[in-house]
Amino acid sequence: MWPVAIHKSRRMTCLLLNLTQTTHSLPLAYYKSSSTTTTTTKPYNSSSSRYNHSSTRFIRPISTPAIRAFCSNSGGMSSLQSVQNSDSVSYLTQREAADIDETLMGPLGFSVDQLMELAGLSVATSIAEVYKPSEYNRVLAICGPGNNGGDGLVAARHLYHFGYRPIVCYPKRTQKPLYTGLVTQLESLSVPFLSVEDLPSDLSKVFDILLDAMFGFSFHGTPRPPFDDLIQKLVCLHSYEQMHQKRPVIVSVDIPSGWHVEEGDISGEGIKPDMLVSLTAPKLCAKKFSGPHHFLGGRFVPPVIADKYKLQLPPYPGTSMCVRIGKPPQIDISALRENYISPEFLEEQVESDPVNQFRKWFDDAMAAGLKEPNAMALSTVGKDGKPSSRIVLLKGVDKDGFVWYTNYEGRKARELSENPHASLLFYWDGLNRQVRVEGSVEKVSEEESEQYFHSRPRGSQMGAIVSKQSSVIPGRHVLYQQYKELEEKFSDGSLIPKPKYWGGYRLKPELFEFWQGQKSRLHDRLQYSPQEINGTRVWKIDRLSP
């Protein structure tokens, strides 16, 4: 694949069009239905077939994605993302990439449609890691005639299921069952297809994300119509930055279309994507990528491939199958903000008892599949007046209060003995909700602590014995040694005695505050405070200013 020649006159015309050309908005109908008919054109440069190793040796590898509780994340970087120094990651030549792909497609038994599905899903999840559908909802996937275009079709389908509104521009359809099937799948979701002629003159007015899935690393020659003009549309968007105007972000699949596979953007006048999603391993041209977001998908690569080609691939965190590589983007912390979208939280809708309201929200967090919804920040203050906070896990809640278990000799226990008052904070990011609870704290009964201690896994019981919380130790090896001794001591399955220095606390609520994020920072805050009416304790509900 060779860079597109861009003459100065073309660039000036491009800039002039951006300044003077009348812009048009895409009709709403485009978001509701798809056109299904295009003419069949024999794809030029058949070497663009990435996976069909019988037709060419220049074949592009692919990748897989990160599967995460979505919507999520997640703000900028999610907890699943890892940052890998780009110097420690292998870069592939075109030949190496082709050889790896032939091995995958040959003795290792991967099929074309399997690899394409993994590639498209990898692209979609990488996008979801950075560009949330609440802010970057409108996606235009520009798909080429080869397998890079197939990746774009798959990515568009997954983005639809992730909550985005994709539209597909697929000018040169490949009339093979694999590709027609991908089109049918999108049409069944009512994902619209636009011809090149129907694209708006100003893409920035209609789209938030432009997915460049035109040409992969196996493409040769100069792009022909209509892809040469489509590439120019993306190049012209760079002028918006010079005029300080907002433009759509550009995401390129494996190779920015128009770049040389190994030498990159030779002319310096090609597409400058904001995100590059490399597949299997980055190609040499990725070293010239200067955008803020470089992701790699390809956790499926077997060890035999990595060993044979001496590939240095980054570790993938958790169950994620995409990982950030290179330097993380420089972020203006003051500019970080989330525009929350939540239903109204009204007084007439809440439970009269705050414990019941807490249970209701907690059940919502469980149903949403949020990780550890029982995690809570516990804040305490000792006699020195200095507050401290840490995350602990809620282990019980009822009309008497909130219960957690810990070491009675750690810092939080010492502070609670000096000042038996604390606050709890629950934060459920996926629901834009948090709950604060304040009250007095007391130890639970020894019987209650004993019962809970023996309900824990035996490993956790031994861990509680070994850990002298907040005390200084020479190193981790001390913990391992003591733990190993306990394993040997109780290897017969005998009862492990609860240590005297371990047990539970109960916070008896004296104030609740339920917070739900809303757009424009007009958040909902409802506070429950106790009051006596005719000798009976009732909860008063007040709305607080956000």
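What is the P(r) of the stretch 319-468, as percent of Cα-Cα pairs per 10 Å bin from 0?
Histogramming the stretch 319-468 at 10 Å steps yields 8, 28, 32, 21, 9, 0 percent.
Any idea of the accessible area per residue across the stretch 160-216, 1.4 Å probe, to the nearest Å²?
35
Can you give me the % of accessible surface on the stretch 156-198 that is carbon or sulfur? Probe 1.4 Å, all protein chains present, nothing else counted.
Carbon and sulfur atoms account for 52 percent of the accessible area of the stretch 156-198.
Give me the percent of accessible area attributable to carbon and sulfur for the stretch 103-150, probe 1.4 angstrom.
54
Which order do the peptides 364-373, 384-393, 421-430 take when ranked by the mean count of other beta-carbon atoms within 10 Å per residue, highest first?
Ranked by mean Cβ neighbours within 10 Å, highest first: 421-430, 364-373, 384-393.
Under the definition of Cα pairs under 8 Å and six or more residues apart, what whole-number percent is the relative contact order of the stretch 430-546?
Across the stretch 430-546, relative contact order equals 33 percent.
Suppose each label sits 7 Å from its Cα in the direction of the beta carbon; what would the R414-S460 distance come out to in nanometres?
2.7
Show the residues, 5+ positions off or on another chain, whose built amide H is closer than 5 Å to the amide H of S423.
Under 5 Å from the amide H of S423 lie the amide H atoms of S379, each far enough along the sequence or on another chain.
Under 8 Å for C-alpha pairs, at least 6 residues apart: give me the relative contact order for the stretch 335-427, rounded to a whole percent.
Once normalised by length, the contact order is 26 percent.
Please work out how many pairs of lysine residues in the stretch 141-280 are eight or more positions apart (or on different chains) and have Cα atoms closer than 16 angstrom.
Step by step, the pairs that qualify in the stretch 141-280 add up to 5.
Pop out the carbon and sulfur fraction of the accessible area of the stretch 475-533 as a percent, whole number, probe 1.4 Å.
53
Run down the aspartates and glutamates and flag those whose C-alpha is under 17 Å from the C-alpha of K327, throwing out any fewer than 8 positions away in its chain.
D87, E129, D274
So if R0 is 35 Å, what FRET efficiency would E263 and A306 give, r being the distance between their Cβ atoms, rounded to the nearest 0.05?
0.85
Excluding R414 itself, calculate the net charge of residues whose Cβ lies under 14 Å from the Cβ of R414, where each Lys or Arg counts +1 and each Asp or Glu counts -1.
Net local charge, R414 excluded: +3.
Return a whole-number percent for the relative contact order of the stretch 191-321, with Cα pairs under 8 Å and 6 or more residues apart as the contact set.
For the stretch 191-321, the relative contact order is 19 percent.
State whether the stretch 201-340 is rounded, prolate or oblate according to the following rule on the C-alpha gyration tensor (a ≥ b ≥ c being the square roots of its eigenvalues): a/c under 1.5 gives rounded; otherwise a/b larger than b/c gives prolate, and the remaining case gives oblate.
Note, shape of the stretch 201-340 comes out oblate.
Calculate, for the stretch 259-349, the solvent-accessible area per residue in square angstrom, rolling a 1.4 angstrom probe over the heavy atoms of the protein chains.
51
Once the mean 1/r over all distinct Cα pairs of the stretch 451-546 is inverted, what Kirkwood radius in angstroms do you read off?
Here the Kirkwood hydrodynamic radius works out to 18.2 Å.
How large is the convex hull of the C-alpha atoms of the stretch 119-193 per residue, in Å³?
It comes to 71 Å³ per residue, whole-number rounded.
Over the Cα atoms of the stretch 197-282, what is the Rg over Rh ratio if Rh follows Kirkwood?
0.95
A 18 angstrom limit on the alpha carbon distance is what I want to check against. Which of K383/K500; K395/K484; K386/K508; K395/K443 exceed it?
Violating the 18 Å limit, Cα to Cα: K383/K500; K395/K484; K386/K508.
Any chance you could tell me what percent of the C-alpha pair distances in the stretch 180-237 go past 15 Å?
62
With a 1.4 Å probe and all protein chains left in place, how much accessible area per residue does the stretch 439-520 have, in Å²?
Ligands and nucleic acids excluded, the figure is 58 Å² per residue.
The values are calculated or read from the model by the stated rules, or taken from the named source; none is laboratory data. Values in this document were obtained by computation on a predicted structure and should not be read as measured data. Backbone-built Cβ (ideal geometry, glycine too); neighbour counts: all protein chains shown. Surface areas here come from the heavy atoms of the whole protein model, side chains and all, with no ligands, DNA or RNA. Shrake-Rupley method; radii C 1.70, N 1.55, O 1.52, S 1.80 Å.
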